[in-house]
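The values are calculated or read from the model by the stated rules, or taken from the named source; none is laboratory data. Please read these numbers as outputs of a predicted model, since none were measured by experiment. For accessibility, only protein heavy atoms count, side chains too; no ligands or nucleic acids. Shrake-Rupley method; radii C 1.70, N 1.55, O 1.52, S 1.80 Å.
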Amino acid sequence: MTDKVKIQIKYHGDIEPIGTIKIGDWIDLRAAEDVIIGEGSFTLISLGISMKLPEGYEAHIAPRSSTFKNFGIIQTNSVGVVDNSYSGTNDVWKMPVFCLKGKEYEHLHEVAYSHISKGDRICQFRIVK
């Protein structure tokens, strides 16, 4: 028997709500903003959500299997862990990324960069006890 727990979610900005899943334990998260990141650079990408997790639960955030292939970025901490201490309404989840392989070029300066559009699925999460 599965225990049902209540999770409060706050959305920051005009983003697509988190969907329910039918298969598996991981739920996709999307970029909540347009991001341009140069090759060899670091940034935090807003995921546009805050959650109040029940006591004793935490969220694990990991890149999707296609994130590097599609955007040339990696999550710098491999797997992010969000526990109940980061659960205020202004504690917006973010994905720390480093761009290893730019996908596009600025024509004048020939600078490689990656462009992540608002709404792109870039990572996933699951909640564990």
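Counting only protein chains, not ligands or nucleic acids, how are 85, 114 ordered by accessible area (probe 1.4 Å), most first?
Solvent-accessible surface, decreasing: 85, 114.
Please compute the contact order of the chain in relative form: average sequence separation of alpha-carbon pairs under 8 Å and at least six residues apart, divided by the residue count, as a percent.
Taking the mean separation of contacting Cα pairs over the length of the chain, I get 36 percent.
Report in % the part of the accessible area of the stretch 59-124 that belongs to carbon and sulfur, leaving out ligands and nucleic acids; probe 1.4 Å.
Carbon and sulfur atoms account for 50 percent of the accessible area of the stretch 59-124.
Compute, for residue 110, the solvent-accessible surface of its heavy atoms (probe 1.4 Å) with the complete set of protein chains present, and express it in square angstrom to the nearest 10.
Roughly 140 Å² of residue 110 is accessible to a 1.4 Å probe.
In whole angstrom, and with the biggest value first, how far do the Cα coordinates of the chain range along each principal axis?
58, 28, 24
What accessible area, in Å² to the nearest ten, does a 1.4 Å probe give for residue 91?
Number for this one is 40 Å².
Using a 1.4 Å probe and counting only protein heavy atoms, arrange 5, 128 so the residue with the most accessible area comes first.
5, 128
Can you give the accessible area of residue 35, probe radius 1.4 Å, in Å² rounded to 10?
10 Å²
Could you rank 92, 79 by how accessible they are, 1.4 Å probe, largest area first?
79, 92
Along its principal axes, what span do the Cα atoms of the stretch 39-115 show, with the longest given first and each in whole Å?
Largest to smallest, the principal-axis extents are 51, 24, 15 Å.
For the stretch 1-57, with all protein chains present and a 1.4 Å probe, just round the carbon and sulfur fraction of the accessible area to a whole percent.
Accessible surface attributable to carbon and sulfur in the stretch 1-57 totals 50 percent.
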